[in-house]
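Comments concern the structure below.
Since every read-out is calculated from the coordinates, none of them should be taken as a lab result. Note that the structure is a prediction, hence the values are computed from the model and not measured. Here the Cβ positions follow ideal geometry from the backbone for every residue, glycine too, while neighbour counts run over all protein chains shown.
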Amino acid sequence: MSTTTPKLPTLPEPGPWSISLRTAAILLAFTVTFTALMAGAYRLTQPAIEATLEAAKLRLINEVLPSDRYDNDLLKDAITLPEVPELGISEATSLYRARRRDEPVALVFEAAAPDGYAGEIRLLLAVEADGKLGAVRVIRHKETPGLGDYIDIKKDRRKDRPWIAQFSGKSLVDPPRSQWRVQKDGGVFEARAGATISARAVTHAVARALSWATAHAEALYRWPAGQRFEKE
């Protein structure tokens, strides 16, 4: 007696459309999973990243205005500056207001000298409430290494008497605005031999920024935090 093994039905081969749908479903599942993992990682690391960025900002700010000079949260007491021709910057930037016992101490903001020897020289300044400069720092430049880069305190070889320090404590009265030039041009500020262009550009930019800040100081201190400043 013979037995016949039943023949199983043959499943049809998947067509191109089925393969495409399956591939798309796999890719979608992978994308959703990867996005969820990235979002979770971002939520976990975001506070640390923001804290690191804030610490870096404060370190830079404290180079022009020591932290013991103010008692407010400087990074929160900030306003947005639009493009200000006097500052030489073509994009919006932040201005920070330092206060002590709610009294104005200084304004900290960026300016730029567009006419450096090798291009723009970006500056950070602290202008105190009495109209004097707290300090100035070059925070970005492309000046010639070993020649014009002495404007940057980190690259200035004269650590005991850095070139940029000569602006500290100066105002539009001392020296008078007309003397805010390098000595070679009849002003009072020094420049190193062979690299006058860099010094001239920074001196003019600091003078313009100081003039603008002192002229608008009252409104700048009064403007609501977090808002975009508009000249009144």
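Here Lys184 is the anchor, and the aspartates and glutamates within straight C-alpha reach of less than 18 Å, apart from those fewer than 8 places off in the same chain, are Asp115. Across segment 124-133, rounded Karplus estimates of 3J(HN,Hα) from the backbone phi angles (6.51 cos²θ - 1.76 cosθ + 1.60, θ = phi - 60°) give 10, 10, 10, 10, 6, 4, 8, x, 8, 7 Hz, Gly and Pro being marked x. For Lys132, which aspartates and glutamates qualify as cross-link partners when the Cα separation must be under 17 Å and same-chain residues fewer than eight apart are set aside? Candidates past the 8-residue exclusion: Glu63, Glu103, Glu110, Asp174, Glu218.
As a footprinting exposure proxy, order Glu143, Glu83, Glu91 by other Cβ within 10 Å, with the fewest listed first.
Glu91, Glu83, Glu143
Amide hydrogen proximity for Asp71: with H placed 1.01 Å from N in the peptide plane, the residues at 5 or more positions away or on another chain lying under 5 Å are Arg99, Arg100, Arg101. Mean silhouette area of segment 71-222, derived from the convex hull of its C-alpha atoms and averaged over all directions, reads 9.0 nm². Each residue of segment 213-226 was assigned a 3J(HN,Hα) from its phi angle through the Karplus expression (A = 6.51, B = -1.76, C = 1.60, θ = phi - 60°), giving 5, 5, 5, 10, 4, 4, 5, 5, 5, 7, 5, x, 4, x Hz with x at Gly and Pro.
The packing ranking of peptides 60-67, 172-179, 196-203, highest mean first, is 196-203, 60-67, 172-179, where packing means the average number of other beta carbon atoms within 10 angstrom of each residue.
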